[in-house]
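Step one of this worksheet: look at the structure below.
The values are calculated or read from the model by the stated rules, or taken from the named source; none is laboratory data. What you see is a predicted model; the values in this text were computed from it and never measured.
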Amino acid sequence: MHKTFYQYLMTQRNPDSTAPLAEFANNAFFDQSFPKQSKDFHEVSQYLELNAGYLPGMTIFDDAWQAYLASEA
């Protein structure tokens, strides 16, 4: 069974880390509207572009998405 992007992202949480991916994951955890069931790049990307003020740059998401894809291979 394949994970959603959110499920993958939650494996990257670390409240003690200042690494961009960990901060993204920590903030997404508290985002009640995050598309938790999505496996679609465009859906998650569009959501983040419009709603995620906590994400300083989309490059962080792009890198996280690539790591997500690699984890599902």
Name every residue in the stretch 48-73 that is under 10 Å from the mean Cα position of the chain (by Cα) and among the charged types (D, E, K, R), in order of residue number. D62, D63
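With the requirement that a residue be of a type in the set (A, V, I, L, M, F, W, C) and modelled with pLDDT under 95, what does the stretch 1-54 give you?
M1, A52 - these are the residues of the stretch 1-54 that are of a type in the set (A, V, I, L, M, F, W, C) and modelled with pLDDT under 95.
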